[in-house]
Amino acid sequence: MSESPENLKYLSSHEWVKLEDDGSVTVGISDHAQDLLGDIVFVELPEVGQELGAEEEAAVVESVKAASDIFSPIGGKVTEINEKLLDEPDLVNVSPYEDGWFFKMQPDDLESLKSLLSSEEYTNSQES
Amino acid sequence: MVDFHGWAMPINYGSQIAEHQSVRDNCGIFDVSHMTILDFKGEQARDYIRYMISNDVDNLKEDCDGLYSAMLNESGGVIDDLIAYKMPFGYRLVVNCATRGEDLKWLSSHLNGFEVKMIERDDLSMLAIQGPRSEQVISLCSNLPISLLKNKKRQQGAVNGETFIAKTGYTGELGFEVILPNANAQDLWQEAVAAGAEPVGLGARDTLRLEAGMNLYGYEMDESISPLECNMGWAVSLEDSAREFLGKEAFLAKKDSNNNPVLVGLLLKERAIIRSGHEVYLDAEKTIKGIVTSGTYSPTLKQSIALARVPRTNKEICYTEVRGKLLEARIGKPRFIKEGKFIF
């Protein structure tokens with residue numbers, strides 16, 4: 001059974017968002033998503049400073065099986081990317097919620113986080 | 001698990017890449033019982049097989065020797081690829097699961113006029129044990145005629161009762177394929193795993209065969225593709241010019257025209273993956289086109305590799321588009337890894 005921590009918000013397209021103490025957010029993909037993708041072998045990340053709209057294509061993961069777009073859960077400006085993923089893409093498989101994060105951003109509007117799915121809603125959305 | 005033409009088969013047991021690596025470094029075991037096994041008996045089994053397939057079974061000297069072949073239609077397209085073995089009772093063909101229905105129809109429709117009987121052996125299972133340590137694993141398994149395999153080369157085998165073992169495979173490594181009664185397959189699987197063989201699923205089977213440059217039916221070839229267009233010309237034997245076989249005329253006509261597209265290997269430098277169906281271009285203006293037949297991430301090279309059918313060319317570089325970006329790929333022979341070594 002794949003996990004989806006309760007302190008995170010989710011998109012039905014499998015991205016998670018974590019609100020940090022400083023008001024920035026961290027974005028990654030869920031345990032369920034990495035499990036569906038299988039071994040991840042390449043990751044393309046956005047650029048620092050890039051402005052992203054909500055649900056805009058932000059990154060790409062390539063697994064042995066397929067390529068998938070990763071969407072920005074909310075609008076904002078990219079402040080940091082996880083460059084470790086370029087050399088160790090399997091961190092996404094091994095540690096989807098910790099070492100396998102994709103990018104951090106300064107959100108335009110924290111209110112929009114509220115419209116995202118809770119852990120329970122995300123889990124239910126995958127079962128239906 | 002996926003439904004693979006009616007068989008429930010695992011894409012992977014755990015990590016596909018780890019399974020791939022276990023075959024390159026150590027030993028893996030595959031359940032390939034989905035493959036269709038057909039036995040041919042009767043006075044004219046030899047004549048019939050020589051007529052039906054492109055390679056010549058007269059080149060098989062001893063019992064249990066095998067060869068790779070195509071089975072062609074009248075217009076020279078590939079109905080299937082297969083391994084043919086000379087057996088004490090006649091001949092055995094191991095054909096694909098995906099093409100089983102078409103193969104049976106085609107083979108049955110030509111039985112008339114030959115003193116031959118075709119028997120589908122669904123009472124038999126097939127396990128492939130592959131990798132540099134496969135010989136050691138095999139030697140630890142009971143009830144296999146391994147003493148008879150001494151001095152046998154690749155594509156040769158041995159049989160004891162209903163248990164057949166041959167030095168064949170679909171990985172580019174030293175390996176064995178064992179055909180045995182369904183009732184005994186589980187025991188052999190468990191013995192091999194206890195001896196150190198790692199279970200390997202369909203996912204790694206595909207990346208291994210692609211690194212080895214081996215064709216997959218429905219991708220590199222189908223009924224509209226000539227062996228000349230999928231690097232299988234070598235599996236069409238013209239040595240005995242008196243031998244008539246299905247598709248011969250069409251094959252010779254295409255061979256004489258000498259302007260057929262060819263199968264090449266592609267190696268991508270950038271961090272992206274070329275996949276089946278992508279177009280490739282021999283020029284940056286994108287006017288001379290080819291098509292990727294199979295493409296994947298090579299776990300051994302940690303780069304994308306592909307097989308592609310392209311117009312004949314001396315060029316060393318081609319272009320392919322991945323997510324809107326034009327990327328350069330190196331063109332080479334349609335094979336990448338043999339026995340763990342880079343040979344592209």
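Side notes on the structure shown:
- Most positive-pole-ward Cα, B:Gly77, B:Leu93, B:Asn112, against dipole of the range B:1-160 from beta carbon charges: B:Leu93
- Debye, to nearest 20: dipole size of the range B:70-173, +1 on Lys, Arg Cβ, -1 on Asp, Glu Cβ: 540
- Using the Cβ of A:Val41 as centre and a radius below 13 Å, the other residues enclosed give a net charge of -3, where K and R count +1 and D and E count -1.
- Computed from the alpha carbon atoms alone, the convex hull of the range B:261-342 holds 82 Å³ per residue.
- Largest GNM mean-square fluctuation across B:Phe251, B:Phe164, B:Phe114, computed for chain B with C-alpha springs under 10 Å, falls on B:Phe114.
- Radius of gyration, Dmax [the protein assembly as shown; alpha carbons; angstrom]: 25.6, 85
- Note on B:Lys286: lysines with a C-alpha under 28 Å away, same-chain residues under 8 apart excluded, are A:Lys65, B:Lys254, B:Lys255, B:Lys269, B:Lys302, B:Lys315, B:Lys325, B:Lys333.
- Interface residues of the range B:261-291, defined as a loss of at least 40 Å² in heavy-atom accessible area between the chain alone and the complex of all protein chains with a 1.4 Å probe, are B:Arg271, B:Ile273, B:Arg275.
- Calculated [θ] (222 nm, deg cm²/dmol) that DSSP helices of n ≥ 4 give over chain A, each run adding -39,500 (n - 2.57): -4000 deg cm²/dmol
- Across the accessible surface of the range A:9-104, with the other protein chains kept in place and a 1.4 Å probe, carbon and sulfur atoms take up 44 percent.
- Reducing the range B:46-98 and the range B:289-328 to their Cα centroids gives an inter-centroid distance of 32 Å.
- Over the residues of chain B, the helix contribution to mean residue ellipticity at 222 nm works out to -5500 deg cm²/dmol, using -39500 (n - 2.57) for each DSSP H run of at least 4.
- Charge dipole (debye, nearest 20) of the range A:9-104; +1 at Cβ of Lys and Arg, -1 at Cβ of Asp and Glu: 220
- Calculated on the alpha-carbon coordinates, the convex hull of the range B:2-211 measures out at 118 cubic angstrom per residue.
- Overall dimensions of the range A:9-104 by Cα: Rg and Dmax, Å: 12.0, 37
- Comparing the full protein assembly with the isolated chain (1.4 Å probe, heavy atoms, ligands and nucleic acids excluded), the residues of the range B:292-315 losing at least 20 square angstrom of accessible area are B:Tyr297.
- Per residue, the solvent-accessible area of the range B:128-171 (1.4 Å probe, heavy atoms of protein chains only, all protein chains present) comes to 48 Å².
- 10 Å beta-carbon shell around B:Ala158, net charge (K/R +1, D/E -1): +1
- Centre separation in Å (Cα based) which lies between the range A:65-87 and the range B:175-199: 43
- The range B:1-62: radius of gyration over Cα atoms, expressed as a fraction of 2.2 N^0.38 Å: 1.72
- Around A:Ala66: net Lys/Arg minus Asp/Glu count, Cβ-Cβ under 15 Å: -3
- Comparing mean-square fluctuations of B:Asn182, B:Asn12, B:Asn73 from a GNM of chain B with C-alpha springs under 10 Å, the top value falls on B:Asn182.
- Within the accessible area of the range B:184-320 (1.4 Å probe), percent carbon and sulfur: 47
- Contact surface B-A: accessible area buried, both sides summed, square angstrom, 1.4 angstrom probe: 1300
- Which of B:Thr207, B:Val178, B:Asn12, positive extreme of dipole for the range B:2-211 (C-beta unit charges): B:Val178
- Solvent-accessible area lost in complex, 10 Å² minimum, residues of the range A:47-91 relative to chain alone, 1.4 Å: A:Val60, A:Glu62, A:Val64, A:Lys65, A:Ala67, A:Leu86, A:Asp87
- Rounded to the nearest 10 Å², the accessible area of B:Ile288 at probe 1.4 Å: 70
- Shown are B:Trp189, A:Trp16, whose ranking by accessible area with a 1.4 Å probe and every protein chain present, most to least, is B:Trp189, A:Trp16.
- Solvent-accessible area per residue in the range B:261-342 equals 47 Å², computed with a 1.4 angstrom probe and all protein chains kept.
- Measuring only protein heavy atoms, the 1.4 Å probe finds A:His32 accessible over about 50 Å².
- Gyration tensor verdict on the range B:129-254 (Cα atoms; rounded if a/c is under 1.5, prolate if a/b is larger than b/c, oblate otherwise): prolate
- A Cβ-based charge dipole, computed about the Cα centre of the protein assembly as shown with Lys and Arg at +1 and Asp and Glu at -1, lands at about 2440 debye.
The values are calculated or read from the model by the stated rules, or taken from the named source; none is laboratory data. Not measured: the values here are computed from a predicted model. A quick note on method: Cβ atoms are made from the backbone with ideal geometry, for glycine too, and the neighbour counts reach across all protein chains shown. For the accessible areas, the whole protein counts, side chains as well, though only heavy atoms, and no ligand, DNA or RNA atoms are used. Shrake-Rupley method; radii C 1.70, N 1.55, O 1.52, S 1.80 Å.
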